[in-house]
Structure formats: C-alpha cells, structure tokens
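Encoded as structure tokens, the structure appears first; notes follow it.
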Amino acid sequence: MPHYIGLMSGTSMDGVDAVACEIAAGKNAPLRIKLLAHAACGYPEKLKERLFKVAGPDGSAGEVCALNAELGELFAKAALKLMKHPALAGIKLAAIGSHGQTIRHMPQLGATLQISSSALIAARAKLPVWSDFRSADMARGGQGAPLAPVIHLPLFGSARENVSVVNLGGVANITHIPAGAKSVKKLIAYDTGPGNMLMDYAVGRMGAGGFDKNGRIAARGEVDEALLQRWLRFPYFRRKAPKSTGREMFGGDVFFATAGAPLRWDSNAVATITELTARSIAGEIIKLGRLGRPTDMLVLCGGGAKNRYLAGRISALLKGIKVRTSDDLGAPAQWIEGALMALLAHYAAVGEPLDMSSITGAHEGPALLGALAPRPESAKD
C-alpha cells in the first residue's frame, strides 16, 4: 500500500503541518486512510508579518518571489522532520502533496495563488511533489475551494447518519455528507465565512497574544447584539453556494473597514466576533436542513475546534444535533488538512480525476487536480 506525506498551511498563516498517511484503494473496495505520523514547523514572527503584508493590497512581485523560495525551504524542513519520525521507519514514501501558502484567492476572476516552491521541496526531500490542486478546478469555472470534503468523506462519512463537518481554520468551511454517500459528487461544501481569522485579529489588537485559548477572553465578554446584526448583514453571508473566500474579504483590516469595527478592542469585541463565527456556521447548518440536507451529527475540526467556548456556542445554537470534535472520533484536528494533501497527492499520482462540481460549481466533468514537480534525477533508484 502506498504511503504519502501531506504539507498544509492555512489562512491563519501560523506554520506548516506535515502528515504521513497509508492509503489503500481498490476498484471494489472503499478507500481507507491510516494516519501514521505528524510533525509541525511554526512560522517565525517576522515571516508571518511579511506574509500578512504580501497577502494584502500592497504585496509586491519581488517579495512574493522571495517568499516562494523561503517557504519552499520551510515546507521541506517540515517534510524532512516528519520523515525522521519512528512511525515511518522502513517505509518507502511515494510522493508529497503540498498545499503551499495561500496569499490571494479571487474566484470571481478565476484566480488563486499558493506559494512555496514545489521544485525546492522535491530537491530537498528527494521525492516527487504534487501541488497547485486548485487551478484545474478554477479553469473549469469552479471556486477552487474548499478541498477539505475530499478527506472529510472517508474520515467522517456514515452509512446511517447525515454528517456535517465544519473545518475551523482561519476561514470556516462546511461539508455536508448525506448518509451512505460514496463519492464527493454527493456532497455539498463551501466556505461559511470567518473561522479563527477575525478572533485572532481582535486578540492581537488587544495585545493579548495570537489567539483566544479555549475562548477564555470571549467567555468573559458580552456580545454587542446591534453590532453583531450589522456584521451578519455582510454580503458574503447572503451569497448562495458554491462560494469561497479568504483573507482578501475576512482579513481584519479589510472586514472591519467595510462592516464597521468595535468601539474598543476588548473582551466584548472578542465575544461579539466569536458569536459572529458561531452564528454564521450554525445558520448555514439550519439553512441546509431547510433545503433537505439535515444534519444528525456535526463534526468540528481544525484549530478552532480546540476553542471550547466557540464549540459550546455552536452546540447551543444547534439543539438536537450531536456535536463532536474530530479528536473525539480518532482524527486529530491538526492532522486532517495535511492528510488531505496526502490524499490529493495519491489521486494525482494514480491519475484519478475528481468530480468537484457539487462543491465548487466546476463544469466539464471530473478533473485531474495537481501539478507535478518530479523527483530529482540524482534521487532516482
């Protein structure tokens, strides 16, 4: 059975997760994924500052070029760190799947950009590297996002229950998996709006660190209902799926300049922003139910799943629906998106196209996702 490494960094721009997977697939057997090992490399603060700047309206081509190489080295470092993990001793790896770092996502223009030199990763790790998984979908008129449903289906799909999976990264996305679904074509998925991004921004403006650990700051604040209702009228929340978004819409400076900022950056602001994330997610699950897509169980994954206050608010808004974290179900939250990249590398390597039409709105049928940076000649057997 082939083994792959997946490399992932999300819109929170805080580091790289590397995940090793064993993937078993056959024509007459269901896909099976075994999560083997995980390693992480955080971004230095100065690199994070440069990424936030280049992802904004003033990013320069020269800085993008430099960061592409710098991130390539860092992604390769994460892969090499994982390759030394005891769980991988004696295992021959087939390939690496790398998401890169998104610095711009403009689906209305059919454009998206993830940087981190795949050729450099291939040279350092001495393995073929698959990347650029969004472009082929966007070339067919799709949003190019979210890709998460590809891994949500084999990890969380159920024969008897309708499952919704919400990935709480910088942006939140939802995947609805009907009971008994066998392929991604049966799923609906899209970005619901902010996940951790606006909460992290507010905590930073308070000078209280990089994120709200366990939602402690939000828990001691009070929600400004009038301000929250104004934010909930933000046009993206009324847009119909398929839809995707990112920092260019929900980055703190951009969003609050458009939707209105709190009077003070304090615990009340964090509480109100956390409630925005909770209500925008819960509202979509309720809306899907009205459209004949009910949810029996909700699975929370991604870094935001560790925010107990946020998880509690989502659960309180969805009475009658079981709410679990991916960790509860044996899939550590920090591993999932890396495993997604490993799985996408597998599909690319075996030449299996994916029909993402129900998720991204792409047309022209299934597409092969990914571009290959081959293993260096010097590394070949």
Using beta carbons and a limit of 8 Å, which pairs, at least six apart or on different chains, have the first residue in the range 302-322 and on the phi < 0 side of the Ramachandran plot and the second one open to solvent by 50 Å² or more (accessible area, probe 1.4 Å) and among the polar types (S, T, N, Q)?
GLY303/GLN334
Tally the residues that are over 13 Å from ALA40 (Cα atoms) and not in a loop (DSSP other than H, G, I, E, B), restricting the search to the range 1-24.
6
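Across the range 265-281, what is the number of residues that are more than 14 Å from ILE314 (Cα to Cα), touching a Lys or Arg at 6+ places or on another chain (Cβ under 6 Å) and assigned to a helix (DSSP H, G or I)?
Within the range 265-281, the first condition is being more than 14 Å from ILE314 (Cα to Cα), and the residues that meet it are 265-270.
So of that shortlist, the ones also touching a Lys or Arg at 6+ places or on another chain (Cβ under 6 Å) come out as 265, 267.
Right, trim to assigned to a helix (DSSP H, G or I) and you get 267.
Residues that pass the stated criteria total 1.
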Residues of the range 54-93 classified as over 14 Å from ALA119 (Cα atoms), surrounded by 14 or more Cβ atoms within 10 Å (Cβ to Cβ) and not aliphatic (A, V, I, L, M), total
5
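Residues ALA257, ALA226, ALA208, ALA189: which one is of a type in the set (A, V, I, L, M, F, W, C), outside any helix (DSSP H, G or I) and surrounded by fewer than 19 Cβ atoms within 10 Å (Cβ to Cβ)?
ALA208
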Picking from SER164, SER118, the residue that is buried (at least 22 other Cβ atoms within 10 Å of the Cβ) and over 24 Å from VAL299 (Cα atoms) would be SER118
Return the residue satisfying two criteria in turn: it lies in the range 16-28 and is out of contact with any helix residue (DSSP H, G or I) (no Cβ under 8 Å at 6 or more places or on another chain) and open to solvent by less than 50 Å² (accessible area, probe 1.4 Å), and of such residues it is farthest from GLN334 (Cα to Cα).
GLY26
Filter the range 335-348 for residues that are more than 14 Å from ARG134 (Cβ to Cβ) and in contact with a helix residue (DSSP H, G or I) (Cβ under 7 Å, 6 or more places away or on another chain) and give the result.
ILE336, ALA339, LEU343
Write out, first by first residue and then by second, each pair whose Cβ atoms fall under 7 Å of each other, whose residues are 6+ apart or on separate chains, and whose first residue, in the range 225-250, is under 21 Å from VAL270 (Cα atoms) and aromatic (Phe, Trp, Tyr) while the second is open to solvent by less than 60 Å² (accessible area, probe 1.4 Å) and part of a loop (DSSP other than H, G, I, E, B).
TYR236/THR245
Strands (runs of 3 or more DSSP E) enclosed by the range 291-381 - at least 2 residues per element that are closer than 28 Å to GLY180 by Cβ:
297-301, 322-325
Provide a single number: the residues in the range 242-254 that are open to solvent by 50 Å² or more (accessible area, probe 1.4 Å) and β-branched (Val, Ile, Thr).
1
Within the range 171-203, tally of residues that are touching a Gly at 6+ places or on another chain (Cβ under 7 Å) and either free of Cβ contacts under 8 Å to residues at least 40 places away in the same chain or at positive phi (or both)
2
Does ALA39 satisfy being of a type in the set (Gly, Ala, Ser), without any contact (Cβ under 8 Å) to a residue 60 or more places away in the chain and out of contact with any helix residue (DSSP H, G or I) (no Cβ under 6 Å at 6 or more places or on another chain)?
no
Anything in the range 94-110 that is among the hydrophobic types (A, V, I, L, M, F, W, C) and open to solvent by less than 30 Å² (accessible area, probe 1.4 Å)? List them, or say none.
ALA95, ILE96, ILE103
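The values are calculated or read from the model by the stated rules, or taken from the named source; none is laboratory data. Note that the coordinates shown come from a computational prediction; the quantities given were computed from them, not determined experimentally. Reconstructed Cβ throughout: ideal geometry from the backbone, glycine too, with neighbour counts over all protein chains shown. Quick note on the areas: whole protein, heavy atoms, side chains included, nothing else; ligands and nucleic acids left out. Shrake-Rupley method; radii C 1.70, N 1.55, O 1.52, S 1.80 Å.
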